[in-house]
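One structure below.
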Amino acid sequence: MIRPSGTGTDPLPAGPAPDAGDHAERYLLAAESLLRRLRERELHAIRHAGVALADTVAAGGRILAWGAGHSSLPAQDLVYRAGGLAVVNLLNVPGTTGVDVMPAHLGSALERVTGLATAALDASPARAGDLLIVISLSGRNVLPIEMARHARSLGLTVVGVTSGAYAERTASRDPSGAFLRDHCDLVLDSGIGVGDTELSDPRIP
């Protein structure tokens, strides 16, 4: 067992060298690799997104964030994190946001319902000049696509956070055949692979 020293400043004792079965080491290496890829491929887009956010706030607009299912978690993090901007608001679509949706698969089912995003956005305080961040890992379901498309028609700037791999390796569930990234003013590619996983183990099918 490794324990921190009593001083709180001494380094932890070195453990055994990692091997292929050291999943903790593999996980951290995968995270570091993902961050490197984001820096290499997305830094320009991230900077542009920062400018768009700043310009919106400077002009008196609000920032709205939305995601469904597990994609609602980063949207909520933007709103509730200590030290965040007070002008960031969570756009809620009932039944799709939060881990308290029961049964759990209801949120995924609602992501395929046409008209839900339009109704939710029209009932929200969103207005022209605001900026909406739409977060969807796959970006292929009706709800995020409709959300982005309708928001732009209302005069909002839309920043999409999604995985480009899904658009390249899966089929859209929207009748148009489009993906979220096709209806955004700016797209940030999360770099996450299809399946939302980074590690595998030959012992687990």
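The values are calculated or read from the model by the stated rules, or taken from the named source; none is laboratory data. This structure is a prediction, so every number in the text was calculated from the model and none was measured. Cβ: placed from backbone, ideal geometry, glycine included. Neighbour counts: every protein chain shown. Surface areas here come from the heavy atoms of the whole protein model, side chains and all, with no ligands, DNA or RNA. Shrake-Rupley method; radii C 1.70, N 1.55, O 1.52, S 1.80 Å.
A few points about this structure:
- When every residue of the range 85-104 is checked against the conditions, none turns out to be open to solvent by 20 Å² or more (accessible area, probe 1.4 Å) and in a helix (DSSP H, G or I).
- Verdict on residue 148 being farther than 21 Å from residue 50 by Cα, assigned to a helix (DSSP H, G or I) and of a type outside the set (Lys, Arg): no
- Qualifying residue in the range 55-64 (condition: exposed (fewer than 10 other Cβ atoms within 10 Å of the Cβ), at pLDDT 95 or above and part of a helix (DSSP H, G or I)): yes
- Among residues of the range 50-61 that are farther than 12 Å from residue 156 by Cβ, those with a Cβ under 8 angstrom from a residue that is assigned to a loop (DSSP other than H, G, I, E, B), sequence gap 6+ or separate chain, pair up as 57/85; 57/87; 59/129; 60/129.
- Residue check for residue 44: closer than 18 Å to residue 162 by Cβ and free of Cβ contacts under 8 Å to residues at least 12 places away in the same chain: yes
- Residues being open to solvent by less than 20 Å² (accessible area, probe 1.4 Å), under 18 Å from residue 192 (Cβ atoms) and assigned to a loop (DSSP other than H, G, I, E, B) - total across the range 151-172: 1
- Selection status of residue 136, free of Cβ contacts under 8 Å to residues at least 12 places away in the same chain and among the polar types (S, T, N, Q): no
- With respect to the conditions (1) more than 19 Å from the chain's Cα centre (by Cα); (2) not in a loop (DSSP other than H, G, I, E, B), residue 126 lacks only one, and its number is (2).
- Looking only at the range 31-65, and only at residues there that are closer than 13 Å to residue 131 by Cβ and of a type in the set (D, E, K, R), the one that is nearest to the chain's Cα centre (by Cα): 62
- Pick from the range 66-95, criterion in contact with a Ser or Thr (Cβ under 7 Å, 6 or more places away or on another chain) and either aromatic (Phe, Trp, Tyr) or farther than 13 Å from residue 132 by Cβ (or both), ranking: modelled with the lowest pLDDT: 69
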